[in-house]
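Here's the structure, in structure tokens; my notes come after.
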Amino acid sequence: SMAVRSTARGVPAVEATLKMLHPIMPHLTEELWSHIKPGHGLLMAAPWPVIPEEFAAPEDEAAVERTFGVVRALRALRAEAALHPGSKSPLAFAEGDLSEADRELLRSQAWFEEVRPGKPEGRSLAAASGGVDLYLPVEGLLDPEKELARLAKESEKLTAEVGKMRARLDNPQFAERASAEAVAKAQADLADLETRLEKTEERRKLFA
């Protein structure tokens, strides 16, 4: 319409937005483009928008990525404790350079009712990311006896898998016949199994 055309013509942000939306909304964006930029051809043939150098903010990008990393680490602690992803947990602790806004973001995005500064007393699962130490108190969340029994089974299973993978890699026939990619994958799988076994043993000590 004339109203849309007069409002949006010459507005770089609108043009850039249409270009970026075009791959997922081709018909609608093409129609809007024909009104906003008449006589400029199809939107699908328009060049991709280029971010001006003055818009670059590497420090801000690094800060956002750091925050995302901390959120992922805290979510991983939830997974370690076998907490349901859709339910809020009562409490976590975060020790490091975090603002109140960062702490609130952690609380909402990692699904906790509260994220306190400092380190808790008693048993807790721990992780670190971006210079921030994270703690999830497990008192009242997990039954120590049941968790020890579960971890013992997990440790036994992982120990057997590590043994099989080591035997496979130590077998001269495997090294001779397997491709370099297959050997590299087996080595990576072994490293992953060993890491999981190490974490399981550390957790057994926590509940012992």
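Yes or no: the range 25-46 includes at least one residue that is modelled with pLDDT of 90 or more, assigned to a helix (DSSP H, G or I) and under 30 Å from residue 134 (Cα atoms). No, that holds for no residue.
Taking the condition of a type in the set (Gly, Ala, Ser), under 29 Å from residue 193 (Cβ atoms) and outside the structural domain of residue 192 (by TED's automatic domain parsing), does residue 63 pass? Answer is no for this residue. Just one residue in the set 105, 77, 125 is of a type outside the set (D, E, K, R) and over 17 Å from the mean Cα position of the chain (by Cα); that residue is 125.
A single member of 198, 121, 202, 100 is in the same structural domain as residue 70 (by TED's automatic domain parsing) and within 22 Å of residue 72 (Cβ to Cβ), and it is 100. Scanning the range 67-91 for residues that are among the charged types (D, E, K, R) and either under 21 Å from residue 154 (Cβ atoms) or assigned to a strand (DSSP E or B) (or both) yields 75, 78, 80.
Annotation note: of 178, 184, the sole residue that is surrounded by 15 or more Cβ atoms within 10 Å (Cβ to Cβ) and without any contact (Cβ under 8 Å) to a residue 24 or more places away in the chain is 178.
Condition (residue is surrounded by fewer than 11 Cβ atoms within 10 Å (Cβ to Cβ), small (Gly, Ala, Ser) and modelled with pLDDT under 90) applied to the range 147-168: is it met by at least one residue? There is no residue in the range 147-168 that is surrounded by fewer than 11 Cβ atoms within 10 Å (Cβ to Cβ), small (Gly, Ala, Ser) and modelled with pLDDT under 90.
The values are calculated or read from the model by the stated rules, or taken from the named source; none is laboratory data. On a predicted model such as this, the values are computed, not experimentally measured, just so you know. Neighbour counts are summed over all protein chains in view; Cβ atoms, including those assigned to glycine, are modelled from backbone coordinates with ideal geometry.
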